[in-house]
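Okay, so here's the structure we're looking at.
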Amino acid sequence: MSEIPKAYEPQAVEEKWYQFWLDQKCFVADPARVNEKRPAYSIVIPPPNVTGVLHMGHVLNNTIQDILARKARMDGKEVLWLPGTDHAGIATEGLVSKQIWKEEKKSKRDIGREEFIKRVWKWKEKHGGIIISQLKKLGCSCDWTRERFTMDADYLRNVQRVFVDLYKKGLIYRGKRMVNWCPATQTALSDEEVIMKEQKASLYYFKVEVAESPLTPSFSPSGGEGARRAGEGDSPPGGPVTDAEGHVWLTIATTRPETIPGDTAVAVNPKDKRYAHLIGKHVLRPLPSELPREQKLIPIIGDEHVDFEFGTGVLKVTPAHDKADFEIGQRHKLPTIDIMNPNATMNALAGKTLAGLDRFEARIAAVELLRELNALEKEEPYVNNVGFSERADVPIEPRLSEQWFLKYPSVDKARACVEQEDDSVGRASSRAACAQDSSSTASPSQKMRFFPQRWARVYGHWLANIQDWCISRQLWWGHRIPVWRKRVRLTEANSTEELLKWGWDDFVKGNWEKDANKNPDELTFIRIFRVTDGKEVDPKAESLMPIVRETEGDYEIFAATLSSKLAKNLEACGFTHDADVLDTWFSAWLWPFATMGWPERTGTLKKFYPTTDLVTAPEIIFFWVARMIMAGYEYMGEMPFKNVYFTGIIRDKLGRKMSKSLGNSPDPLDLIGKYGADAVRFGVMRSAPLGQDVLFDEQQVELGRNFCNKLWNACRFRQMVGSAGSSIEGEIDPALLTSDDKWILLRLDQSIRELTTALAEYKFNEAAQTLYRFFWSEYCDWYLEASKAVLSRPASETSSSPLTGERAGLEGKNVPGQAGATPPHPGPSDVELRNSPTANLLPLPARNERGEGRGEGNLQQKHSSSPRPSPP
RNA sequence: GGGCGAUUGGCGCAGUGGUAGCGCAGCAGCUUUACACGCUGUGGGUCGGGGGUUCGAAUCCCUCAUCGCCCACCA
């Protein structure tokens, strides 16, 4: 206790205490300890990608969670902060593929599925834990004994269980649809994985000839003269052009001339007077130019979707390569011509010049071809929005393919559970008011709350316009879809035998739904589709079993099952396992309960679900938050969390988003090395106002470091003047308190209140400010300075005062210095303060019954909070 | 094209009807025996523009502007 370094040296102190807490199992949650006096508090970490490396966003996010967790521990709650990582399908697969390519010049296909997955696991074992160790460096007080991974055996099982269940419920279906196809990773993506980017492109105008021209004499081209302004249905100038020989030409504007070979119609708006008379006629598609005339004919159709104003008012329709065009195609029963390969090179249908070219090369080539054909009229620069694959950062290609889709479950409940602005007034600050508000139908206390609340509307809006979720991915790393399929010809003669071979005695007897409750691990569901019309067949209703002559034919059988025995059997009978894996979010959406032992009703689940707070970034509100809420209702019958705090986005001090390419994203570990984790955390918290982006500036961290140093030195001072620590444990005699003492105690009390309120409202920057102000300006600048004067006098009867103040300060703040400089006392505890006379001397904060109001200290340091070595 | 935020001294923020606050930075002094990662003192803003309501507006209403997000099938 004698040699205290003059300046705070965070590394040694932080490591020492973190290890101490781990040794003492301070972060381990035990559901058995939860009772009325010791309520549960829980958070599940937003699992970072296994490929992840700690960045400032993680720092922000996890510091907030840590503060909440430590605060809850100080309030005497049993705290579970459950950590883990996400297998991050596309990201991980891409990373390992790249590595293998670099080292062995082999693609994943060269290596083969099984071996590839082995390699990914190997990679995961070696590098996957990095972010976890980094979170520990940051000081996160997670219960590391419960670390989970979305590919753990039991988690995998849960994912499959949910899949089979939803399949059985009819919410999962297979469909041939337009999907977002990533040509780089060659998989489908959900809408949420596509980000729009502005692209400088060109708008190409090319002309096509109307096949039926010259037209009958009654036709008079409208050419754009006679500008009648008023009235509905007025068309802009322009329109078909008739040449000297009477041939009529249409001009079409497009950004994607390379898709012309895939055009199967040309569309105009039926209300467009310039073109309406041409509907039903045909044009000659210019590409591929080598085709005979009759194969170039495509119809002119009328569709409301076409905008008069845009381009020339004539739209080329490419149903195989554009979402909107696909829909037009559906409406008009147009054929589709897929002219691309999965890697977005052109295939033979694109014509001999384009075949084999990449789509962007093909664009240039197509323009060239049009020019040669004399069909290109002009080219103008144009800026449009192009969807990019979020992961691979290449333009996605709308592509027609067969995928698995999910109709979201429990949507209504998910919508209703989130409190909207008009649900109740004056909330967070006055919880009492909430309880009395009986005007709203749903009980406000039952509602989930978003902070800041405006996200609730965004959430509601998305749910109201929700589209089915494409959940299959053409990847290898992930949860494989537990479906086996086979096409069989069923005849009266073979059917019974065939099915018996599969081991489905029950099915043969007509029991098509095995009782899942009897053995959940056998959960199985079969769907049968008639090949001729694609319709699903109800085997019971249509007496497929036994089969009768009228129902003989080809059937596609899908068996979704959890039973590995059955799966083996099916494979032996020629069934093939679906090759796709599930979207990563299809596992992540189960996170809050799948990590807690579900489907067992474990003690953990009983005590810690629903979780208390979720802290996450707003960019994954749809990806993750919304889906977790739905899954929560569907499988737990309850919301997965009570409060959701949306952090801001970390930006640099110029307000730019942090990104690798800009190089403006500091490495948090460098910062931790330089200033200490507490400094980094404090710095980030100081600039993290609720609902606003965080403008990060290293200067803030410096400030945090200074603050830690201030705390450290206040302790040093106390050690130097104190009489060997005798009084820190002793009673305070109210009679000895000076007015200074009383003042600082009062300020302490007020600060604690402010801090508690700030934290209850998730105003972390205000909490940080309060700490800073109290400790620095009031305690150090005022009170310690004042005490110096007192100390310089004969010490006898005044000796208690600085100590009291010191103690108050420490207890308010939980100083790192204290932790480091004194023997492994678990840090000054709030319990101590609560039991001390100090508490009785002051107008106490209006504490709620749970004893909130004492524990603010965790704000900046992990040192600070809570290490109570053993449970009470 | 819709929706949502933001706009207060150089920077980051607070302030929701009564004559503008905090921190940082700045500047000027300080080797004052806890801390120069410090101490003391100090300058600096017509609260984005315009209009309105009011005795009175940063604060309420309208409008415009700039910046930023999110959603949307305009080729």
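The values are calculated or read from the model by the stated rules, or taken from the named source; none is laboratory data. Keep in mind the model is a prediction, meaning the values are calculated, not measured. Every residue, glycine among them, receives a Cβ derived from its backbone with ideal geometry; neighbour counts consider all protein chains shown. Heavy atoms of the whole protein, side chains included, go into the accessibility calculation; ligands, DNA and RNA do not. Shrake-Rupley method; radii C 1.70, N 1.55, O 1.52, S 1.80 Å.
Among the residues examined, A:ILE252 does not qualify as part of a helix (DSSP H, G or I), in contact (Cβ under 8 Å) with a residue 12 or more places away in the chain and open to solvent by less than 30 Å² (accessible area, probe 1.4 Å). A:SER389 satisfies every condition listed in (1) closer than 26 Å to A:LEU297 by Cα; (2) small (Gly, Ala, Ser); (3) surrounded by 15 or more Cβ atoms within 10 Å (Cβ to Cβ) except (1). When the test is whether a residue is surrounded by fewer than 23 Cβ atoms within 10 Å (Cβ to Cβ), under 27 Å from A:TYR382 (Cα atoms) and at pLDDT 90 or above, A:THR264 passes it. Applying the condition of being of a type in the set (S, T, N, Q) and modelled with pLDDT of 85 or more to segment A:386-428 and asking which residue is farthest from RNA strand B (Cβ to nearest atom) yields A:SER410.
Residue-wise test of (1) in a helix (DSSP H, G or I); (2) of a type in the set (Ser, Thr, Tyr); (3) over 23 Å from the mean Cα position of the chain (by Cα).
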site: A:LYS71; (1), (2), (3): yes, no, yes
site: A:GLY94; (1), (2), (3): yes, no, no
site: A:LYS98; (1), (2), (3): yes, no, yes
site: A:LYS102; (1), (2), (3): yes, no, yes
site: A:LYS106; (1), (2), (3): no, no, yes
site: A:VAL120; (1), (2), (3): yes, no, no
site: A:LYS126; (1), (2), (3): yes, no, yes
site: A:ILE131; (1), (2), (3): yes, no, no
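Are any of the residues in segment A:738-749 at pLDDT below 80, β-branched (Val, Ile, Thr), away from RNA strand B (no atom under 14 Å from the Cβ) and farther than 26 Å from A:ALA72 by Cα? Yes, there is a match, as at least one residue in segment A:738-749 is at pLDDT below 80, β-branched (Val, Ile, Thr), away from RNA strand B (no atom under 14 Å from the Cβ) and farther than 26 Å from A:ALA72 by Cα.
Being modelled with pLDDT under 90, exposed (fewer than 13 other Cβ atoms within 10 Å of the Cβ) and in contact with a Pro (Cβ under 9 Å, 6 or more places away or on another chain): is that true of A:LYS296 here? Answer is no for this residue. Take the conditions modelled with pLDDT of 80 or more, of a type in the set (A, V, I, L, M, F, W, C), within 12 Å of RNA strand B (Cβ to nearest atom) and out of contact with any Gly (no Cβ under 9 Å at 6 or more places or on another chain) and apply them to A:PHE774. Does it pass? Spelling it out, it is not the case that A:PHE774 is modelled with pLDDT of 80 or more, of a type in the set (A, V, I, L, M, F, W, C), within 12 Å of RNA strand B (Cβ to nearest atom) and out of contact with any Gly (no Cβ under 9 Å at 6 or more places or on another chain).
Looking at A:GLU147, is it without any contact (Cβ under 8 Å) to a residue 60 or more places away in the chain, surrounded by fewer than 21 Cβ atoms within 10 Å (Cβ to Cβ) and not basic (Lys, Arg)? Here the answer is no, as A:GLU147 does not meet what is asked.
Looking across segment A:346-385, the residues that are of a type in the set (D, E, K, R) and within 15 Å of RNA strand B (Cβ to nearest atom) come down to A:ARG359, A:ARG363, A:GLU377, A:LYS378, A:GLU379, A:GLU380. The single condition among (1) assigned to a loop (DSSP other than H, G, I, E, B); (2) at pLDDT 80 or above that A:ALA724 does not meet is (2).
Only one of the listed residues (A:GLY57, A:GLY76, A:GLY89) is surrounded by fewer than 24 Cβ atoms within 10 Å (Cβ to Cβ) and within 17 Å of the chain's Cα centre (by Cα). That residue is A:GLY57. The residues of segment A:287-305 that are in a loop (DSSP other than H, G, I, E, B) and either of a type in the set (Lys, Arg) or within 14 Å of RNA strand B (Cβ to nearest atom) (or both), listed by number, are A:ASP303, A:GLU304, A:HIS305.
When we screen A:LYS108, A:LYS122 for residues that are over 27 Å from A:ALA677 (Cβ atoms) and surrounded by fewer than 18 Cβ atoms within 10 Å (Cβ to Cβ), the only hit is A:LYS122. When you look at A:LYS281, is it on the phi > 0 side of the Ramachandran plot and open to solvent by 50 Å² or more (accessible area, probe 1.4 Å), yes or no? Spelling it out, it is not the case that A:LYS281 is on the phi > 0 side of the Ramachandran plot and open to solvent by 50 Å² or more (accessible area, probe 1.4 Å). Scanning segment A:321-336 for residues that are assigned to a loop (DSSP other than H, G, I, E, B), in contact (Cβ under 8 Å) with a residue 24 or more places away in the chain and either within 14 Å of RNA strand B (Cβ to nearest atom) or surrounded by fewer than 20 Cβ atoms within 10 Å (Cβ to Cβ) (or both) yields A:HIS321, A:ASP322, A:PRO335, A:THR336. State all residues of segment A:1-12 that are out of contact with any Cys (no Cβ under 9 Å at 6 or more places or on another chain) and crowded, with 21+ Cβ neighbours inside 10 Å; if no residue qualifies, say none. Within segment A:1-12, none qualify. State which residue is farthest from the chain's Cα centre (by Cα) when the search covers only segment A:529-568 and only residues that are hydrophobic (A, V, I, L, M, F, W, C) and modelled with pLDDT of 85 or more. Of everything passing the filter in segment A:529-568, A:VAL531 is farthest from the chain's Cα centre (by Cα).
When segment A:174-210 is limited to residues that are away from RNA strand B (no atom under 16 Å from the Cβ) and open to solvent by 50 Å² or more (accessible area, probe 1.4 Å), the one that is nearest to A:PRO409 (Cα to Cα) turns out to be A:ARG174.
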